[in-house]
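Asks: One structure coming up, written as structure tokens, with questions to follow.
The values are calculated or read from the model by the stated rules, or taken from the named source; none is laboratory data. Since we're looking at a predicted model, the values are computed, not measured. All Cβ positions, glycine included, derive from the backbone under ideal geometry; neighbour counts span all protein chains shown.
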Amino acid sequence: MSDQSQDPSLPETNPYQTPTSIPTPHVPSLAEGQGPYGPFINTHTLSRVVIGLVIASTVIEILMMLITAAELNVLKSDGSGSYLEGLTHQWIPLALSGSAILFLILYIATIVAFARWIIRSSKNAWLFSRQSNQFITTITPGWAVGYYFIPIINLWKPYTAMREIRDATDQGILRGVLPFWWTTWVASAILGQISFRLGNRADTIEKYISSSVFDLVVLPLSLALSVLAIILVRDITRAQLERNGSHRGSGAAETPAL
């Protein structure tokens, strides 16, 4: 019995001995914790990339609309479209083609960056959910992006995934912005399909003018969507960094993997 009580590797068995001070157990921070998809991922740099791409795409889109407006002015003054054969307005189709190619490149880059940001933010949300024992998250990081590409389901599932990311991070942010963002997103997607079909069927000058006017009319909605997307990415990223104890990119190391 005496040998056992002297062995520090064995638990204390004397119930009458005055207890010694018990050290406070170390509670790991969120950055040290492991969620279902790994530790906390700092998305500060990635969010800056997403916001920069959204701004660049918006600038090119506005430029395209200005060129389109100039083209409409010429077409309305010369319905035959003969300006395409002359040198006076030759810069218009060239500028439209160049800006359209640049916009497409930026648009694809924005989709890729935004998808990566959603995946990383969703992984953080799963970590926060498990740390707080709230179990708010139900949609996996992969499906948080994958639902955007499935018809019909993409009308509400991506919004559910983004709402779970918000709720697991901070339920007090983006209360009015989040539903407004998604409503604008859906409306923009529907109007974008209509614009695409009108453009494909524009086999006459009159139809082409109608298609171009439609693009100009829906431009404010596209601009609103860009602003809301920037607010969404900025606020969720900031809230996740603050919850993790980081500030504007300091603290947890950037994790390069998805």
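Asks: Got a sec? Which of W143, W182 is at pLDDT 95 or above, closer than 18 Å to V233 by Cβ and not aliphatic (A, V, I, L, M)?
Replies: Residue meeting the stated conditions: W182.
Results for (1) assigned to a helix (DSSP H, G or I); (2) farther than 30 Å from T45 by Cβ; (3) of a type in the set (K, R); (4) in contact (Cβ under 8 Å) with a residue 24 or more places away in the chain, shown as yes or no for each residue.
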residue: T183; (1), (2), (3), (4): yes, no, no, no
residue: L198; (1), (2), (3), (4): yes, yes, no, no
residue: D203; (1), (2), (3), (4): no, yes, no, no
residue: D235; (1), (2), (3), (4): yes, no, no, yes
residue: L241; (1), (2), (3), (4): yes, no, no, yes
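Asks: Oh, and also: Residue by residue through region 196-243, note down the ones that are of a type in the set (S, T, N, Q) and surrounded by 17 or more Cβ atoms within 10 Å (Cβ to Cβ).
Replies: If the condition is that a residue be of a type in the set (S, T, N, Q) and surrounded by 17 or more Cβ atoms within 10 Å (Cβ to Cβ), then S211, S212, S222, S226, T237, Q240 are the ones that fit.
Asks: Being within 30 Å of S77 (Cα to Cα), in a helix (DSSP H, G or I), in contact with a Leu (Cβ under 7 Å, 6 or more places away or on another chain) and not charged (D, E, K, R): is that true of S211 here?
Replies: yes
Asks: Just to be sure before I move on: is I230 under 18 Å from R120 (Cβ atoms) and either modelled with pLDDT of 90 or more or among the β-branched types (V, I, T) (or both) in the structure I sent?
Replies: In short, yes.
Asks: Considering only region 132-140, I want to know if a residue exists there that is assigned to a helix (DSSP H, G or I) and either touching a Lys or Arg at 6+ places or on another chain (Cβ under 7 Å) or in contact (Cβ under 8 Å) with a residue 24 or more places away in the chain (or both).
Replies: no
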